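Visitor: Just dropping this structure here.
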Amino acid sequence: MLVIDHPIEGALIPLLLSLKVAFWATMLAGLSGIATGFIFSRRVFFLREFLDAVFTLPMVLPPTVIGYYLLVLIGRQGFLGGWLDENLGINLVFTWQGAVIAASVVSFPLVYKSARSAFEGVNIQYRQAAEILGKSEWAIFFSVSLPLAWRGILAGCLMAFARALGEFGATLMVAGSLPGRTQTVSVAIYEAVEMGKDNLANFLVLLTSVVCLVILIGSGQVLKSKYESGRN
Amino acid sequence: MKIEVDINKTFHSTSGTFVLNVDFTVEDSITVIFGASGSGKTLTLKALAGLEKPDKGRIAIDGETLFNSEQNITVPARLRNIGYVFQDYALFPHLRVTENIAFAGTSWIHKQPNKQMLGRVEELLEIFELNRIKNNFPWQISGGQRQRVAIARALLLKPSLLLLDEPFAALDPLLRIKTREELVNTQRHFEVPIIIISHDPQDVVVLAEKLIIFKDGLVEKSIHLNVPPYRNKEGKPIRSEIRELLMETAGIKEGGSTPW
């Protein structure tokens, strides 16, 4: 039997924190990923494919490398972090907001990649038809491109959410493992195993697996196309 | 309505270079641009609509310049008020028949068309006999219905010109005869000049008041078909004369079997 000591502190609080971090990380990665994906699908510009590779890097780099970059950037001595600390008194390291930034950087490529290919998959004739019918670029984006690409984008966002939920390395480096403040489920599992709390570890591991499985199934369902001629 | 086109554009691709250099004037109700695939028909239609930008030249409708390379004028497609029916119709797959037709009269903020537009949509649904399927999605209706939706959609804002790219190519042969007649009726009802591109000689025989023959990116011939010897006293097209004309210019050998 799974009996957990202090179930609220041990499991519920990390879980809620993980959900909060993953939610905001998905929001950040979602908006920036959709915008970037759309621009990259529509415009040809200098260094486009180089930038594409840079934006995809977080998917393949070790999370510790990303964590290191982030510390260099937003740490108290970092370029951005130093400025924020001096001028606005904001410190991101060892805060849940820092965890959000770490998780959104790691999950950004998942949104960006799927958004770009979803937008590229929308037949150019639909946009041309809309243009001839008097629509501006913005109107075409909201009335044609987005509705025809949303399945791919939503699937990407779900993957990003799952990825953000499971983020460990970069989060640990940037936000640390402060129980109740920055200790997310994945970090809590690590701590639980370290401290021999097997029941807690088992419970959190099962919970995480189930949540991620549900998300993956969900994103697969979303991707099933409803329109026969929707993409070609 | 006078449509003047004089454009020049060079395309480079892996299969070589293609030069489009066409010059024609149209003042007729139905014009057919006839030519083999790859003769530059669709490119010309797209240039008229504003989807392709020529390198050089000029496009004007009733003296109003839509494109002029010397004066550096390019009116964007959305401001040209030209109706365009794509070869495979390009109906928005996420919108119902009514929504497709109303599209030009709605915005992404106001999804409902205003009263005047709504009346116009209902009128088009009626004329094109689409009421029964108005709540269907494009993939739920037949090819002929799809074409009627595409034409209705293009006519919503009362365009000054209607362009159709191979409008009958996607239909089965029996349906073609009927839809050609419908198109003539549409032209009369809406009094909108129509330019059709086609490689089907039957379209030329039945529809063309003016025939423009394209060959390898050039205008081979531009000729009125609504006068003798191509029309009889009743104004009906004389098939044999038109056929001879097409064979002559298309370089089809006499005596060979012709499909029409």
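Visitor: Quickly work out the B:Asn232-to-A:Ser117 label distance, labels modelled 7 Å from Cα along the C-beta direction, and quote it in nm with one decimal.
Guide: Distance between label points: 6.2 nm.
Visitor: Work out the mean other chain Cβ neighbour count within 10 Å for the residues of B:73-85 and drop it here as an integer. Display every interim value, and only then the final one.
Guide: On the way: counts 0, 0, 0, 3, 7, 10, 2, 3, 2, 1, 2, 5, 2.
Partner-chain Cβ atoms within 10 Å, mean over residues of B:73-85: 3.
Visitor: On to the next question. Please state the shape class of the protein assembly as shown: rounded when a/c is under 1.5, otherwise prolate if a/b exceeds b/c and oblate if not, all from the C-alpha gyration tensor.
Guide: Numbers: a/c = 3.11, a/b = 2.51, b/c = 1.24.
Judged from the Cα gyration tensor, the protein assembly as shown comes out prolate (a/c at least 1.5, a/b above b/c).
Visitor: With a cut-off of 20 Å, note down the residues of segment B:19-43 whose backbone N falls inside the zone around a label point 7 Å from the Cα of B:His189 toward its beta carbon.
Guide: Only B:29-31 fall inside the zone, counting backbone N under 20 Å.
Visitor: With a 1.4 Å probe and all protein chains left in place, how much of the accessible area of segment A:7-231 comes from carbon and sulfur atoms, in whole percent?
Guide: The value for segment A:7-231 is 70 percent carbon and sulfur by accessible area.
Visitor: Shape call for segment A:7-231 from the C-alpha gyration tensor, a ≥ b ≥ c root eigenvalues: rounded (a/c under 1.5), prolate (a/b greater than b/c) or oblate? Write down the numbers at each step before the final one.
Guide: Details: a/c = 2.66, a/b = 1.58, b/c = 1.69.
The shape class here is oblate.
Visitor: Does anyone have the angle between helix A:198-223 and the longest principal axis of chain A? Alpha-carbon axes, 0 to 90°, nearest 10?
Guide: 10 degrees
Visitor: Where a Cα-Cα gap under 19 Å defines reach, which aspartates and glutamates qualify for B:Lys233, not counting those fewer than 8 residues away within the same chain?
Guide: List returned: B:Glu209, B:Glu241.
Visitor: Find the accessible area per residue for the protein assembly as shown; the probe is 1.4 Å, ligands and nucleic acids are left out, and the unit is Å².
Guide: Values: 24770 Å² over 492 residues.
Value returned for the protein assembly as shown: 50 Å² of accessible area per residue.
Visitor: Once you list every other residue whose beta carbon is under 10 Å from the beta carbon of B:Asn135, what net charge do they have if Lys and Arg are +1 and Asp and Glu are -1?
Guide: Working: positive: B:Arg96, B:Arg132, B:Lys134; negative: B:Glu99.
Summing Lys and Arg as +1 and Asp and Glu as -1 gives +2.
Visitor: Going by alpha carbons, how many degrees (0 to 90, nearest 10) lie between the helix axis of A:13-42 and the longest principal axis of chain A?
Guide: Rounded to the nearest ten degrees, it is 20.
Visitor: Over chain A, what is the relative contact order in percent, taking alpha-carbon pairs closer than 8 angstrom and at least six residues apart? Could the numbers behind the result be given before it?
Guide: Values: 315 pairs, mean separation 71.8, N = 232.
Contact order relative to length: 31 percent.
Visitor: Moving on. Tell me what chain B gives for mean residue ellipticity at 222 nm when only DSSP H runs of n ≥ 4 count, each as -39,500 (n - 2.57), the sum divided by the residue total, rounded to 500 deg cm²/dmol.
Guide: Helix-only estimate at 222 nm: -9000 deg cm²/dmol.
Visitor: Below 8 Å, C-alpha to C-alpha, sequence gap of six or more: please give me the relative contact order for chain B in percent. Walk me through the numbers on the way to the answer.
Guide: On the way: 443 pairs, mean separation 65.3, N = 260.
Computed over chain B, the figure is 25 percent.
Visitor: Sticking with this structure for a sec: Give the separation of the Cα centroids, segment A:76-153 to segment A:15-47, in Å.
Guide: 4 Å
Visitor: What spacing in nm lies between the two simple spin-label points modelled at B:Asn72 and B:Phe18, each 7 Å away from Cα in the Cβ direction?
Guide: Those two pseudo-labels are separated by 3.0 nm.
Visitor: Shifting gears a bit: Can you pick out the pairs among B:Lys56/B:Lys158; A:Lys224/B:Lys41; B:Lys2/B:Lys236 whose Cα atoms lie more than 32 Å from each other? Could you put the intermediate results ahead of the total?
Guide: Details: B:Lys56/B:Lys158 29 Å; A:Lys224/B:Lys41 37 Å; B:Lys2/B:Lys236 24 Å.
Result: A:Lys224/B:Lys41 exceed 32 Å.
Visitor: Quick one: what are the phi-derived ³J(HN,Hα) couplings along segment A:71-76, Karplus 6.51/-1.76/1.60 with θ = phi - 60°, whole Hz, x for glycine and proline?
Guide: These are the phi-based 3J(HN,Hα) values: 5, 4, 7, 10, x, 4 Hz.
Visitor: Identify the residues of segment B:178-211 with backbone N under 16 Å of a label point that sits 7 angstrom from the Cα of B:Glu241 along the Cα-to-Cβ direction, or state none.
Guide: So the set is B:204-211.
Visitor: Around B:Val219, which amide H atoms from residues at least 5 apart in sequence, or from another chain, sit under 5 Å from its own amide H, with H modelled in the peptide plane?
Guide: Here B:Asp23 satisfy the definition.
Visitor: Which residues among segment B:193-227 fall inside the zone where the amide N is under 15 Å from a point 7 Å beyond the Cα of B:Glu181, along Cα→Cβ?
Guide: What the label zone holds, given the 15 Å backbone N cut-off, is B:206-207.
Visitor: Hey, another quick one. May I ask for the accessible area buried between chains A and B, both sides summed, probe 1.4 Å, to the nearest 100 Å²? Let's see the in-between values first.
Guide: Working: alone 13140 and 13820 Å², together 24770 Å².
Heavy-atom accessible area buried at this interface is about 2200 Å².
Visitor: Can you give me the angle between helix B:115-127 and the longest principal axis of chain B, using Cα atoms only, in degrees from 0 to 90, rounded to the nearest 10?
Guide: 50 degrees
Visitor: Could you run the Karplus curve 6.51 cos²θ - 1.76 cosθ + 1.60 with θ = phi - 60° over segment B:134-144 and give me ³J(HN,Hα) per residue in whole Hz, x for Gly and Pro?
Guide: 5, 9, 8, 8, x, 6, 9, 10, 7, x, x
The values are calculated or read from the model by the stated rules, or taken from the named source; none is laboratory data. Model, not experiment: these values are computed from the prediction. Cβ sites come from the backbone with ideal geometry, for glycine too, and all protein chains shown count toward neighbours. Surface areas here come from the heavy atoms of the whole protein model, side chains and all, with no ligands, DNA or RNA. Shrake-Rupley method; radii C 1.70, N 1.55, O 1.52, S 1.80 Å.
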